[in-house]
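K.L.:
The structure is given below, and queries will be raised subsequently.
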Amino acid sequence: MPGAMKGYSALALLKGGFNGHKSWPRAWRAPEPKAFYDVVIVGGGGHGLATAYYLAKVHGVRRVAVLEKSWIGGGNTGRNTTIVRSNYRLPQMQTFLELSLKLWEGLSQELNYNLMFSQRGALLLGHSDSDMTRLAELGDSLLTNGIDAKRLSREQVARLVPLLDMSPDARFPVHGGLIQPRGGTARHDAVAWGYARAADALGVDVIQNCEVTGIDIQGGKTVGVQTTKGAIGADRVAICVAGDSSTVAAMAGLRLPIESHMLQAFVSEPVKPMINTVIMSRSIHCYISQSDKGEIVLGGDPDLYPSYSKRGIPMRIEEVAGQAIGLVPALSRLRMLRCWSGVTDMSFDGAPIIGKTPVENLYLNGGWCYGGFKATPGSGFVYAHTLATGAPHPANAPFGLERFASGATIDEAASGPQPQSR
Amino acid sequence: MFLIACPHCGPRSQAEFVYERAEEAVAYPDGTPQETLAALYTRANPRDFAWELWRHAYGCRGWIRMRRHRTTHEIAEIEAVGARL
């Protein structure tokens, strides 16, 4: 029943304690698809669910369906390293990710769902003089655009993360760092669940186990989708399936500037708090953070060749473990609990694609490379704006599909049109 | 990981090789602007077999053409670049 969402609160939790927590309603309905919607969103990850929520909440578009081929949040939303930050180099990325970060900051309250959003800081380490020069440049760029950044000396880094190897013969000598204090982590599953519950309460149909198998186009206009639960008509169709964007866009005859590559992540057995910030590096591709449950979460380079296999390569496990132990030697005592792999949409300039496609009433949100999670609220916010008004929000205006033909690419890594060199 | 049967060195670990680009990504000097744009910025990116260019970077350093499955990683055809010239 839309609008019947039972609020979560300390009092409700206390009341639940008296009846064995049996009175909680399901968090969202399990509706069958209707024949027609104003907007059909293909993909029930965090981005698609956020889009549905903002469509209903901000724009009053409530005849919205989110179609998910599996279960919501079962794709890349549940496979990332949960890091949230906005400390990018290029102004277009900064503006967009800062909009996203500001939404993160009030999101648990807004959704009435504990996203376990923790602004424990996102620290970039510098390992050489040139690293420190680049960090200074990045910090200046961030401060100029009103985003928090603080340059740290070697001593300040050592105080912040005492377990870093600061010895004279350290594998990765630490010269200093740059921290974004407002960066941090969030519980990735909760983001999908929180948006699904809040969107459902506003009347959005969240339909799981419903795979889109075709896009219906008549006279050059998108009029609906074919699914494993039958045909569904739609005024607008919104692709939001990063990892599989090429496959779904091909249903409308489109070829995208995207290649699908594997990215792995790893998690150790849970231990007591030992790392109180997000550790990244300017020279090596290694991410280290600790979840609230105590697991050490590690991420590294993608596998650097196209694949949809969702199986990572063992040499990457060795490489990431080696880098992590080089930075924090105490990690060598931990046993790894799990490793997994996700399919990333590697775009050809490293930036996402959010906007219209050449097919009328068909919209695209994808190309997130390995940076989609942090952008979840902002992505949904600007995509909803684009779908509701037919024009991009100022924050996603630079991220249109047409930028590749016009030459206005947004190449954060300045590495050219080769997805494996990001 | 998988084995790649290098036309020069024989079967070697994928770790020795570097993926260079999809064959459809090769831009030719006499291409039209549209063809060049398509080669630089659009891909079929199938969940199926695709022709790719690789290099045996930590071996003979030769360039290789292969038709590889993007989900199973099976290599159906492989040859040295220029083998048919």
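Condition check ((1) closer than 30 Å to A:GLU110 by Cα; (2) surrounded by fewer than 15 Cβ atoms within 10 Å (Cβ to Cβ)) across all residues:
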residue: A:ARG171; (1), (2): no, yes
residue: A:ARG182; (1), (2): yes, no
residue: A:THR185; (1), (2): yes, no
residue: A:TYR195; (1), (2): yes, no
residue: A:VAL206; (1), (2): yes, no
residue: A:GLY220; (1), (2): no, yes
residue: A:VAL223; (1), (2): no, no
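K.L.:
Does A:MET251 satisfy the condition of being within 14 Å of chain B (Cβ to nearest Cβ) and under 17 Å from the mean Cα position of the chain (by Cα)?
P.N.:
Working: within 14 Å of chain B (Cβ to nearest Cβ): yes; under 17 Å from the mean Cα position of the chain (by Cα): no.
Spelling it out, it is not the case that A:MET251 is within 14 Å of chain B (Cβ to nearest Cβ) and under 17 Å from the mean Cα position of the chain (by Cα).
K.L.:
Separate question: Looking at A:TYR383, A:TYR370, which is the one that is away from chain B (no Cβ under 14 Å), under 29 Å from B:GLU20 (Cα atoms) and hydroxyl-bearing (Ser, Thr, Tyr)?
P.N.:
A:TYR370
K.L.:
Right, another one. For residues that are part of a loop (DSSP other than H, G, I, E, B) and within 12 Å of chain B (Cβ to nearest Cβ), scanning just the range A:393-407, find the one that is surrounded by the most Cβ atoms within 10 Å (Cβ to Cβ).
P.N.:
Selected residue: A:LEU401.
K.L.:
So which pairs qualify, if the first residue must be in the range A:303-314 and at the interface with another protein chain (Cβ under 7 Å from one of its Cβ atoms) and surrounded by 17 or more Cβ atoms within 10 Å (Cβ to Cβ), the second must be part of a strand (DSSP E or B) and among the acidic types (Asp, Glu), the Cβ gap must be under 8 Å, and the two must be at least 6 apart or on different chains?
P.N.:
Correct list of pairs: A:TYR305/B:GLU52; A:PRO306/A:GLU259; A:PRO306/B:GLU52; A:ILE313/A:ASP303.
This table checks each residue for (1) under 24 Å from the mean Cα position of the chain (by Cα); (2) within 14 Å of chain B (Cβ to nearest Cβ); (3) modelled with pLDDT under 95.
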| position | (1), (2), (3) |
| --- | --- |
| A:VAL223 | no, no, no |
| A:ARG236 | yes, no, no |
| A:ILE258 | yes, yes, no |
| A:LEU298 | yes, no, no |
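K.L.:
Okay, next question. Take the residues in the range A:369-392 that are assigned to a loop (DSSP other than H, G, I, E, B) and in contact with a helix residue (DSSP H, G or I) (Cβ under 7 Å, 6 or more places away or on another chain), then tell me which one is surrounded by the fewest Cβ atoms within 10 Å (Cβ to Cβ).
P.N.:
Residue satisfying both the conditions and the ranking: A:PRO392.
K.L.:
Return yes when A:LEU125 is within 20 Å of A:ASN396 (Cα to Cα) and touching a strand residue (DSSP E or B) at 6+ places or on another chain (Cβ under 9 Å) and no when it is not.
P.N.:
Considered against the rule, which asks whether it is within 20 Å of A:ASN396 (Cα to Cα) and touching a strand residue (DSSP E or B) at 6+ places or on another chain (Cβ under 9 Å), A:LEU125 comes out as no.
K.L.:
From the list B:ALA83, B:ALA50, B:ALA5, pick out the single residue that is more than 12 Å from every other protein chain (Cβ to nearest Cβ), not charged (D, E, K, R) and not in a loop (DSSP other than H, G, I, E, B).
P.N.:
Exactly one residue qualifies, and that residue is B:ALA5.
K.L.:
Kindly check whether there is at least one residue in the range A:352-363 that is in the same structural domain as A:VAL40 (by TED's automatic domain parsing), surrounded by 24 or more Cβ atoms within 10 Å (Cβ to Cβ), part of a strand (DSSP E or B) and under 12 Å from the mean Cα position of the chain (by Cα).
P.N.:
no
K.L.:
Can you list the helices (runs of 4 or more DSSP H) lying wholly within the range A:103-209 that have 1 or more residues being not assigned by TED's automatic domain parsing to the domain that holds A:ILE325?
P.N.:
Numbers: elements: A:107-111, A:129-144, A:154-160, A:188-201.
Here the list reads A:107-111, A:188-201.
K.L.:
Considering only residues of the range A:315-339 that are more than 10 Å from chain B (Cβ to nearest Cβ) and touching a helix residue (DSSP H, G or I) at 6+ places or on another chain (Cβ under 9 Å), which is surrounded by the most Cβ atoms within 10 Å (Cβ to Cβ)?
P.N.:
Among them, the one singled out is A:ALA324.
K.L.:
Which numbered condition in (1) free of Cβ contacts under 8 Å to residues at least 40 places away in the same chain; (2) within 30 Å of A:ALA198 (Cα to Cα) is the only one that A:THR144 fails?
P.N.:
(2)
K.L.:
I would also like to ask the following. Search the range A:20-55 for residues being of a type in the set (Gly, Ala, Ser) and surrounded by fewer than 24 Cβ atoms within 10 Å (Cβ to Cβ), and hand back the single one that is farthest from the chain's Cα centre (by Cα).
P.N.:
Among those residues, the one meeting the criterion is A:GLY20.
K.L.:
Also, quick follow-up: Looking only at the range B:13-47, how many residues end up being within 7 Å of another protein chain (Cβ to nearest Cβ) and either in a loop (DSSP other than H, G, I, E, B) or over 20 Å from A:HIS261 (Cβ atoms) (or both)?
P.N.:
5
K.L.:
Which members of the range B:47-74 meet the condition of being hydrophobic (A, V, I, L, M, F, W, C) and over 15 Å from B:VAL18 (Cα atoms)? Lay out the reasoning, then the answer.
P.N.:
Our first condition is that a residue be hydrophobic (A, V, I, L, M, F, W, C); within the range B:47-74, this holds for B:49-51, B:53-54, B:57, B:60, B:63-64, B:66.
Scanning the range B:47-74 gives B:PHE49, B:ALA50.
The values are calculated or read from the model by the stated rules, or taken from the named source; none is laboratory data. Here the structure is a predicted model, which means the values were calculated and not measured. Here the Cβ is made from the backbone with ideal geometry for all residues, glycine too, and neighbour counts use every protein chain on show.
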